[in-house]
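Down below is the structure, laid out as structure tokens.
The values are calculated or read from the model by the stated rules, or taken from the named source; none is laboratory data. Note that this is a predicted model, so its numbers are computed, not measured. Cβ coordinates were reconstructed from backbone atoms using ideal geometry, including for glycine residues, and neighbour counts include every protein chain displayed. In case anyone asks, the SASA skips ligands and DNA or RNA and just uses the protein heavy atoms, side chains included. Shrake-Rupley method; radii C 1.70, N 1.55, O 1.52, S 1.80 Å.
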Amino acid sequence: MKALFAATFLLCGAALVAQEPAPQAPAAQTHTSALGFTYAVPADWEVVDTSATLGGVKQQAQQNASEDVEKRGAACVAVSLTAKHGAPASVMVIVELPFDCLGQTATEKDLPGFAQGASEGLKQNFDLAEPVFGTYALGSHSMWVERAQGAPKGHPELPYTVEIACTLLKKGAVCWMMMAADAASLQILEGGAVALEGDPAAALVPANAFAKKPTQ
């Protein structure tokens, strides 16, 4: 399923570097998803509406898809939360792919391809370097994480730490995509409490996440 995810999550990279939309009300403390998870959003971060930008990017992804399953994936993927803070802005994007919309499910063996596909999508809009990878567990769920140094293409003067953490749930797949302008913002995003399908809440990315080399 790696090809599907690479095509589908191409739009996420575009969403991150798109022109910033107008902010809505301050972010709620807890974001709840119909896929069965919650994530604690910092109270002083602004939730932004990316629906206008996302629609055009999804359409382009569907047109570029070479297989029907990739087209379905591009149509089904949803950005459930975008939040930003500071100047230059650090950004958090939560991206979901519901299995009922896609018409098929994924298993744990698909997780590496899913996560790597999300990373490949970001490379369309970011120059990434020095990637490191890790795997860990949050309760009963396996997680895959990648961290890299990067900058928007054409703007090397805007350095970011880019991090992607992904998992599979019963109802769909989900990735947290973090673009941190400074170490403090990255720590806040990694430390956000996430609860997956009733598991106890825990930090999204634990301190030892990169200690174990993932299986290819």
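Tabulated data for the structure shown
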| quantity | calculated |
| --- | --- |
| Segment Asp44-Ser80, length gained on full extension (0.36 nm per residue, minus Cα span) | 11.1 nm |
| Full-stretch length increase - Thr105, Ser140 - with 0.36 nm per residue and alpha-carbon distance subtracted | 10.8 nm |
| Candidate residues Glu120, Glu163: accessible-area rank, largest first, probe 1.4 Å | Glu120, Glu163 |
| Computed E for Glu197/Ala129 - FRET, C-beta separation, R0 35 angstrom, nearest 0.05 | 0.50 |
| Spatially proximal aspartates and glutamates relative to Lys84 (Cα-Cα < 14 Å; intrachain offsets below 8 disregarded) | Glu20, Asp44, Glu46, Asp49, Asp182 |
| Rg [Å, one decimal], Dmax [Å, integer] - the stretch 155-216, C-alpha atoms | 13.5, 42 |
| Stretch gain in nm, segment Thr32-Ala207, where the contour uses 0.36 nm per residue and the Cα spacing is subtracted | 60.6 nm |
| Bins of 5 Å, starting at 0 and running to the largest distance - Cα pair percent for the stretch 92-216 | 2, 11, 21, 24, 20, 13, 6, 2, 0 |
